[in-house]
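A short reminder: the numbers here are calculations on the coordinates, not readings from a lab. Everything numeric in this text was worked out from a predicted model, so none of it was measured. Cβ coordinates were reconstructed from backbone atoms using ideal geometry, including for glycine residues, and neighbour counts include every protein chain displayed.
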Amino acid sequence: MKNNDVVQLLNEMAVLLEIQGTDKFKPKAYSRAARSIASLGEDIEAIAARGELTGIPGVGKSLADKIDAYLKTGSINQLEQLRKEIPVKVRELDAIPGVGPMTMKLLYENLGITDLESLEKAVKEGQLKGLKGIGQKTVDQISEGIQLARAGFGRTLLANAFPIVEGIQASLREIQGVRKITIAGSFRRRKETIGDIDVLVVTDEAEQLMNAFVHLEGVADVLAHGPTKSSVRLASGIQVDVRVLPADSYGAGLQYFTGSIDHNVHVRTIAQKRGLRLSEYGLYRGDEQVAGREEDAIYSAVGLDYIEPELREDKGEIEAAQHHELPKLIELKHIRGDLHTHTDKSDGANSIEEMLDAAARKSYEYYCISDHTKSLTIARGMTEEQILASISEIDEFNSSGRWKMRVLKGAEVDILSNGNLDISDEVLQQLDVVTASVHSKMKDTKEAITDRVCAAIQNRHVDILGHPTGRLLLKRSEYEVDLERVFETARASGVIMELNSHPERLDLNDGNLRAAKRYGLKIAINTDAHRIGELDNMQFGVFQARRGWLEAKDVINTYPLKEMIKLLRK
DNA sequence: GCCGTTTTCGGCCCGACTGTTTTCAGTCG
């Protein structure tokens with residue numbers, strides 16, 4: 001997927017245009033488009049192929065042409081031209097906190113600095129001090145920033161942010177005067193990875209809170225320390241921002257700090273058109289506060305239905321809210337079972353009984369055991385004989401009455417490089433749920449992988465396509481696959497797409513879930529649990545499903561057993 | 001460069017903090 005490349009190029013152009021300084025708003029338009037594409041989820045090449053680039057918020061005719069040019073030729077003329085005029089390695093310098101376009105311009109024009117290396121040299125030789133607006137503190141900040149840029153402070157998996165957030169909340173709660181603590185930002189929007197943690201606090205003792213906050217255990221660096229806004233970097237690298245607001249502004253603050261930025265800009269523009277002004281302090285007509293204490297009152301005062309945080313990406317949710325057409329999002333309580341789980345019969349850590357006991361504690365109505373199959377030797381995949389033995393075992397479990405829920409017989413079969421499955425049809429037809437997944441040759445061409453997947457899901461025994469893009473967040477990008485063709489084939493064959501809930505997978509992602517829904521496909525939210533604790537990952541799948549605008553009816557494992565079975569292929 | 005219950009031109013969200021300044025520009029979210 002080239003989405004990230006396009007994002008980087010547009011961001012680079014935004015900075016270069018800002019350095020050029022001819023038009024104040026053009027760079028903003030480029031950044032906006034970049035953000036919009038960054039949060040797409042869907043493959044931008046697929047969108048371009050449909051000729052729908054201008055359907056992306058913030059992308060008009062001119063940017064669509066540039067993106068097209070990049071996808072076709074690998075370069076954008078205007079960008080090459082800009083790079084010639086201003087040979088600053090924007091992407092390198094932009095990674096330094098506190099250094100923006102104006103600083104880059106100053107450094108380039110006065111000292112000829114174009115990259116991290118030449119900047120570091122200039123700092124060491126003491127050339128920076130004396131430049132207009134640069135004092136010792138700025139030099140120190142840049143010096144530290146160079147190290148940070150080199151270290152590359154990345155994003156954090158949503159699941160990994162949970163314990164950090166809990167720790168912060170517990171510490172802040174102890175501080176005198178604190179009345180309310182809420183985590184906003186991308187964490188509240190349940191994005192698959194988060195860049196920082198935004199904490200909103202209502203307190204009677206703002207100064208005391210901020211002093212305590214910047215001295216919390218684990219704080220490595222204080223980036224800002226004011227009476228209403230402070231910012232630190234933890235030793236773990238993650239940045240935490242705290243905002244203090246009066247109780248009367250709590251709802252407005254929550255709305256504002258939950259974002260996303262594009263969602264906020266859009267809502268504020270609507271407020272403006274109604275003669276109102278919206279900030280984190282409230283919604284105002286002149287000096288009079290119209291709303292502010294409650295978040296939902298902000299939305300209703302500007303004519304919008306309440307928008308769930310997971311939808312706040314300015315991807316059509318505001319228009320839907322105006323027309324009372326928002327989806328009624330799926331919730332964890334709707335889930336009646338898990339259709340993709342492992343045991344120690346393949347590469348799981350727990351026995352089948354241990355997994356079933358744990359699943360039963362979740363009051364599931366059904367639960368499917370789906371261990372790997374033989375060609376995945378690294379996972380000790382099961383042979384046909386072993387699967388047959390496991391089928392008898394599960395039959396016995398079901399008749400024993402030991403577990404109230406129905407135990408379903410399944411397998412996660414391997415899609416071989418020729419598109420065949422590694423288990424015979426005779427065995428597959430005896431299973432209740434067959435999930436087919438790609439685990440090998442992920443670097444094949446797009447055409448080869450797409451052919452392979454499409455061939456596999458046309459096998460009439462396949463019910464679910466497992467983790468359809470194979471990505472591992474922050475580790476491995478998705479394999480090249482034409483999802484449109486896969487969705488088309490799945491629709492024709494009645495195959496269900498998996499939303500794998502593992503925090504590193506969350507595959508399909510939000511944008512692709514929406515695309516799958518457009519194709520009329522049903523989704524199965526599964527944990528792919530390899531140990532008891534991972535059964536709890538179901539919540540992350542549900543978060544992602546919500547970001548993909550899914551309702552309970554779109555997800556097969558929200559249906560009662562009999563209806564769910566009917567939704568599977570015959 | 002984008003965009004439209006003020007529309008195809010003329011707008012473009014809003015505020016906090018910092019460092020370097022005597023009133024503000026730059027950066028960030």
Item to check | Debye, to nearest 20: dipole size of the stretch A:318-377, +1 on Lys, Arg Cβ, -1 on Asp, Glu Cβ | outcome: 100 debye
Checklist outcome for this item: Sorting A:S424, A:A529, A:Y70 by the position of each Cα along the dipole of chain A (Lys, Arg +1; Asp, Glu -1; all at Cβ), the one nearest the positive end of that ordering is A:Y70
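Calculate the FRET efficiency for A:E353 and A:R485 from the Cβ-Cβ distance with a Förster distance of 41 Å, rounded to the nearest 0.05. List each step's numbers first, then the result.
Numbers: r = 41 Å, r/R0 = 1.01.
Working from the Cβ atoms, E equals 0.50.
If I take every Cα pair under 8 Å that is 6 or more residues apart in the stretch A:250-349, average their sequence separation and divide by the length, what percent do I get for the relative contact order?
Details: 117 pairs, mean separation 24.7, N = 100.
Worked out over the stretch A:250-349, it gives 25 percent.
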Item to check | Beta bridges by DSSP in the stretch A:332-567, antiparallel share as percent, to the nearest 5 | outcome: 10 percent
Checklist entry - Using the 10 angstrom Cβ neighbour count as an exposure proxy, how do A:S363, A:S477 rank, fewest first? => result A:S363, A:S477
Item to check | Positive-end residue of A:G130, A:H215, A:Y366, charge dipole of chain A with Cβ unit charges | outcome: A:G130
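Can you tell me the relative contact order of chain A? Whole percent, Cα pairs under 8 Å, sequence separation 6 or more.
Details: 1052 pairs, mean separation 54.7, N = 570.
Taking the mean separation of contacting Cα pairs over the length of chain A, I get 10 percent.
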Checklist entry - Under the classification rounded if a/c is under 1.5, otherwise prolate if a/b is larger than b/c and oblate if not, where does the stretch A:315-466 fall, given a ≥ b ≥ c as square roots of the Cα gyration tensor eigenvalues? => result oblate
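Longest span of chain A, sites excluded, free of GluC sites (Glu not before Pro) in DSSP loop with at most 11 other C-beta atoms within 10 Å?
Numbers: sites that count: A:E125, A:E174, A:E217, A:E325.
In chain A, the maximal stretch lacking such sites is A:326-570.
Report for chain A the percent antiparallel among DSSP-assigned beta bridges with both residues inside it, nearest 5.
Numbers: 27 of 60 bridges.
The antiparallel proportion sits near 45 percent.
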Checklist entry - What residues from the stretch A:198-224 fall in the zone where the backbone N is under 11 Å from a label point 7 Å along the Cα-to-C-beta line of A:A235? => result A:217-220
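Which order do A:R518, A:R32 fall in if you start with the one that has the fewest other Cβ atoms within 10 Å? Before the final figure, lay out the partial values.
Values: A:R518 10, A:R32 20.
Ranking A:R518, A:R32 by Cβ neighbours within 10 Å, fewest first, gives A:R518, A:R32.
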Next on the checklist: If R₀ is 22 angstrom, what is the calculated FRET efficiency for the pair A:K129 and A:M102, using the beta carbon separation as r and rounding to 0.05?
Outcome noted: 0.80
Checklist entry - Contour minus end-to-end for A:L223 and A:T383, with contour as 0.36 nm per residue of separation and end-to-end as the Cα-Cα distance? => result 51.9 nm
Checklist entry - Which log10 I(q)/I(0) values, to two decimals, does the stretch A:262-334 give at q = 0.21, 0.24 Å⁻¹ under the Debye formula with one point per Cα? => result -0.89, -1.11
Item to check | Charge dipole magnitude, Cβ of K and R +1, D and E -1 - chain A, Cα centre, debye nearest 20 | outcome: 1220 debye
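Out of all DSSP beta bridges in the stretch A:397-465, what portion is antiparallel? Express it as a percent rounded to 5.
Numbers: 1 of 8 bridges.
Antiparallel bridges: around 10 percent, rounded to the nearest 5.
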Item to check | C-alpha center-to-center spacing [the stretch A:488-544, the stretch A:261-308] in angstrom | outcome: 34 Å
